[in-house]
1. Return the total of residues in the range 31-49 being assigned to a helix (DSSP H, G or I) and closer than 24 Å to Ala64 by Cα.
2. Counting just the residues of the range 1-30 that are of a type outside the set (Gly, Ala, Ser) and not in a helix (DSSP H, G or I), which one comes out least open to solvent (accessible area, probe 1.4 Å)?
3. Scan the range 32-88 for residues that are among the β-branched types (Val, Ile, Thr), more than 27 Å from Gln10 (Cα to Cα) and either touching an Asp or Glu at 6+ places or on another chain (Cβ under 9 Å) or touching a residue at least 12 places away in the same chain (Cβ under 8 Å) (or both) and report the count.
4. Report whether or not Thr24 is in contact with a Pro (Cβ under 9 Å, 6 or more places away or on another chain), among the β-branched types (Val, Ile, Thr) and farther than 30 Å from Thr88 by Cα.
Amino acid sequence: MLPLSVIAEQLPAISAQLGIEQSTLESLLTATRPAAAPMPAGPHFPGMMLSAGFTYMQAVYFSALDAGVVEQMRGGQTLVPASVGFETVDATGGAAVGAAGAVVAASVPGK
């Protein structure tokens with residue numbers, strides 16, 4: 001297992017950056033959605049099938065992108081409370097580890 005290193009002070013800044021990226025991505029998707037719509041089909045079967053296929057693909061593609069934007073937003077909003085949680089747990093855990101270390105050190109012969 002790889003060790004996890006978290007610098008809790010940086011999580012709010014990362015959250016703010018994710019918020020900026022999320023709003024940029026959302027505005028880009030809003031601007032490109034009309035351009036991604038397929039042209040109206042011609043009066044022939046292949047054109048109608050292509051138009052129907054591309055309309056379906058656009059719906060699936062943009063719904064997946066919209067879901068990704070929502071997940072990114074939720075992830076960014078979670079980082080600030082997580083930073084507070086990391087700081088609290090680090091302070092509490094550090095005190096507990098220090099106390100346990102003192103007990104072990106006192107029982108080591110030669111100390």
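The values are calculated or read from the model by the stated rules, or taken from the named source; none is laboratory data. For clarity, every value in this text was computed on a predicted model and none was experimentally measured. Don't worry about glycine lacking a Cβ; one is built from the backbone with ideal geometry, like all the others, and counts go over all protein chains shown. Areas reflect the complete protein model, heavy atoms only, side chains present, ligands, DNA and RNA absent. Shrake-Rupley method; radii C 1.70, N 1.55, O 1.52, S 1.80 Å.
1. Final tally of qualifying residues: 3.
2. First, pick out the residues of the range 1-30 that are of a type outside the set (Gly, Ala, Ser): 1-4, 6-7, 9-12, 14, 17-18, 20-22, 24-26, 28-30.
Now restrict to residues that are not in a helix (DSSP H, G or I): 1-4, 6-7.
On the way: Met1: 231, Leu2: 153, Pro3: 120, Leu4: 142, Val6: 52, Ile7: 88 Å².
Only one residue fits best here, namely Val6.
3. Of the residues in the range 32-88, 1 are among the β-branched types (Val, Ile, Thr), more than 27 Å from Gln10 (Cα to Cα) and either touching an Asp or Glu at 6+ places or on another chain (Cβ under 9 Å) or touching a residue at least 12 places away in the same chain (Cβ under 8 Å) (or both).
4. So Thr24 fails the test.
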